[in-house]
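Where a number appears in this text, it was derived from the coordinates with a stated rule and is not lab data. The shown structure was predicted, so the numbers you read here are calculated from the model rather than taken from an experiment. Note that we place each Cβ from the backbone using ideal geometry, even for glycine, and neighbour counts take in every protein chain shown.
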Amino acid sequence: MALYLMRFSYTPETWAKLIQNPEDRRDAARSYAEQVGGSLHGFWYGFGEHDGYAIFEAPDNVSMAGAVVAIAAGGAVAKVETTVLMTVEDTLEAVAKAKEVQYRRPGESTS
């Protein structure tokens, strides 16, 4: 299963609702992951460009995308970004494969 980092920002309306009725959103996030065969590894809030961060595990990109699209369509978040997290081993394998790629800059000849 793959790991994913989700960064999100709530709408002002969502913050207003949370001020009126504080709610721990970890259970909701866990439920969304489980509905696509995954799990929640962590959930945090922070200061800065994003309001919150979550680490999910899901069987594949399509499953995770389904959960993210459902979350985004719900209207509570103004912005959501999801990044596939690669293991060091996967990255080393990708670097090894890069040796096989014959990259050519735009405008350079193929010879």
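Details
- Screening the candidates Ala2, Ala67 for the property of being small (Gly, Ala, Ser) and free of Cβ contacts under 8 Å to residues at least 60 places away in the same chain yields one hit, Ala67.
- Hits in region 3-30 - residues which are in a helix (DSSP H, G or I) and surrounded by fewer than 13 Cβ atoms within 10 Å (Cβ to Cβ): Pro12, Glu13, Ala16, Ile19, Gln20, Asp27
- Given (1) of a type in the set (Asp, Glu); (2) farther than 30 Å from Ala29 by Cα; (3) in contact (Cβ under 8 Å) with a residue 60 or more places away in the chain, index of the condition Glu81 fails: (2)
- Residue within region 31-43 that is surrounded by 12 or more Cβ atoms within 10 Å (Cβ to Cβ), among the aromatic types (Phe, Trp, Tyr) and out of contact with any helix residue (DSSP H, G or I) (no Cβ under 9 Å at 6 or more places or on another chain) present: no
- Qualifying positions in region 52-64 - surrounded by 13 or more Cβ atoms within 10 Å (Cβ to Cβ), free of Cβ contacts under 8 Å to residues at least 40 places away in the same chain and hydrophobic (A, V, I, L, M, F, W, C): none
- Among the residues of region 67-77, those that are part of a helix (DSSP H, G or I) and loosely packed, with under 15 Cβ neighbours inside 10 Å comprise Val69, Ala70, Ala73.
- Just one of the listed residues (Val95, Val62, Val80) is in a helix (DSSP H, G or I), among the β-branched types (Val, Ile, Thr) and under 17 Å from the mean Cα position of the chain (by Cα), namely Val62.
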